[in-house]
Amino acid sequence: MSAAAANLSLVAEGGPLAADAMTVRLGAGRGLPDLAVGASDCGQYLMLTCGGELIALIGAMGSDVETVEFADGSRYGVEELMDRVAG
């Protein structure tokens, strides 16, 4: 596992089975300037690149991932990130 992958986690938050919402949590030393956001050509994936690691969120707006969180506590919703892609 690369150092970048070691600083990334997918966290379930919410209901009893923690299946209501997912958060992509980035480790210490990563911030919004380190995150590149794009959309796949077909529009089905939100592509996050951080520290050389690619995270593809399937179904972007319809996926279980709702939030990207940084170690400093700042949080961005998938909709906010999609707005950044749309420019």
message: Filter the stretch 25-38 down to the residues that are assigned to a strand (DSSP E or B) and surrounded by fewer than 17 Cβ atoms within 10 Å (Cβ to Cβ) and list them by number.
response: Ala36, Gly38
query: With (1) surrounded by 13 or more Cβ atoms within 10 Å (Cβ to Cβ); (2) at pLDDT 80 or above as the list, and Gln44 as the residue in question, which single condition is left unmet?
result: (2)
task: Six or more apart or on different chains, Cβ under 6 Å: which pairs go from a residue in the stretch 42-67 that's over 12 Å from Glu79 (Cα atoms) and assigned to a loop (DSSP other than H, G, I, E, B) to one that's of a type in the set (Gly, Ala, Ser) and modelled with pLDDT under 75? Could you list them?
output: Gly51/Ala4; Gly52/Ala4
field: Single unsatisfied condition, Ala6 versus (1) at pLDDT 75 or above; (2) more than 23 Å from Asp83 (Cβ to Cβ); (3) out of contact with any strand residue (DSSP E or B) (no Cβ under 8 Å at 6 or more places or on another chain)
entry: (1)
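Quick grid of which residues meet (1) modelled with pLDDT of 80 or more; (2) surrounded by fewer than 13 Cβ atoms within 10 Å (Cβ to Cβ):
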residue: Gly59; (1), (2): no, yes
residue: Thr67; (1), (2): yes, no
residue: Phe70; (1), (2): yes, no
residue: Tyr76; (1), (2): yes, no
residue: Glu80; (1), (2): yes, yes
residue: Asp83; (1), (2): no, yes
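The values are calculated or read from the model by the stated rules, or taken from the named source; none is laboratory data. These numbers come from a predicted model, not from an experiment. Note that we place each Cβ from the backbone using ideal geometry, even for glycine, and neighbour counts take in every protein chain shown.
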